[in-house]
Amino acid sequence: MSERDVYPAGVPCWVETFQADSKAAQHFYAELFGWEIVGGAEYAVARLRGLDVAGIGALPASDVLPAWFTHVRVEDVDRSADRVMGAGGTVLTAPFDAAPAGRLAVVADPAGAQLCLWQAGIREGAQVVNEASAWSMSALQTPEPEAAGAFYEAVFGWVSEPWGPVTLFRLPGYVGGEPAQPVPRDVVAVMLATDAAVGWSVDFWVADVEAAVSRADRLGGSVIAAPFDRPPFRSAVLADLSGAAFSISERVA
């Protein structure tokens, strides 16, 4: 399932970062992951083998902090925005057209974690996932896991299931991921209960986590959490030149 050309409603489908200096960010990620960057300073698409993996764009306003955003595929972004409000969330940016790629809204759950609703036009989402230098999973960090579970079930139909120290978000009937993965293939996201920062984080797989950490450091990034083991992965948490955080993981078992 490394290559995908369609995403059902309710499945996270795309990640992108917005930066004050988008060209510097494009260079950083191109060198870190080996991405080909196609586009300009306003918005560019990162590619592997000619297939889309992520987006890198310019911040729309100076008071917005650089960050990575996760998009969830929906059939109708306007109706989904209404469901967000009905479930106690907030619509931060009303639905608007990002033609010809699709239609978009930025929302927040009741605890303030932000994500995007995506109604596809010509772009369904990432065409490469679950392989080295590609996005693998997004994780929600929240102090209110029970309320978050109820919210995401109401908006996307996700079902919460405890799994060790985390909670899995499952979308019944969906088949994604990889056949050998340690969690069910209908898992679409992960939730962690925390009293620290609230928000959605993104994780990219790498072939060698230590080498990627060293490369990020040479490129001017920073290490938030040095490599650590979380079987079957070895992971690290990094920040890019502007401080936008993301994690990297290497499958080791």
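Only the coordinates and a few stated rules stand behind these numbers; no lab work does. Since the structure is predicted, the reported quantities are computational estimates derived from the model, not experimental observations. FYI the Cβ positions are ideal-geometry reconstructions off the backbone, even for glycines, and counts take in every protein chain you see.
Note on residue 154 and residue 207: with the Förster distance fixed at 45 Å, the Cβ-Cβ geometry gives a FRET efficiency of about 0.70. Computed from label points 7 Å out along Cα-Cβ, the spacing between residue 21 and residue 92 is 2.4 nm.
As an exercise, use a Förster radius of 30 Å and the Cβ-Cβ distance of residue 79 and residue 181 to find the FRET efficiency, rounded to the nearest 0.05.
0.40
Put a dot 7 Å past the Cα of residue 61, heading toward its Cβ, do the same for residue 253, and the two dots end up 4.7 nm apart. Working from label points 7 Å from Cα in the Cα-to-Cβ sense, the residue 122 to residue 196 distance is 4.1 nm.
Which option, (i) 46, 40, 34; (ii) 51, 46, 33; (iii) 55, 39, 32, is the value of Cα extents along the principal axes in Å that was calculated from these coordinates? Here the calculated entry is (i).
Charged side chains reduced to their Cβ positions (Lys and Arg at +1, Asp and Glu at -1) give segment 12-120 a dipole of some 180 debye around its Cα centre.
What length, rounded to one decimal in nm, is gained on full extension from residue 3 through to residue 223, with 0.36 nm per residue of separation minus their alpha-carbon distance?
Result: 76.2 nm gained on full extension.
The mean sequence distance of close C-alpha pairs (under 8 Å, at least 6 residues apart), as a share of the length of the chain, puts its relative contact order at 19 percent. Remark on residue 92: its backbone amide H falls under 5 Å from those of 106, 107, 108, a criterion applied only to residues 5 or more positions apart or on other chains, H modelled at 1.01 Å from N. For the pair segment 205-239 and segment 139-189, the centres of their Cα atoms are 25 angstrom apart.
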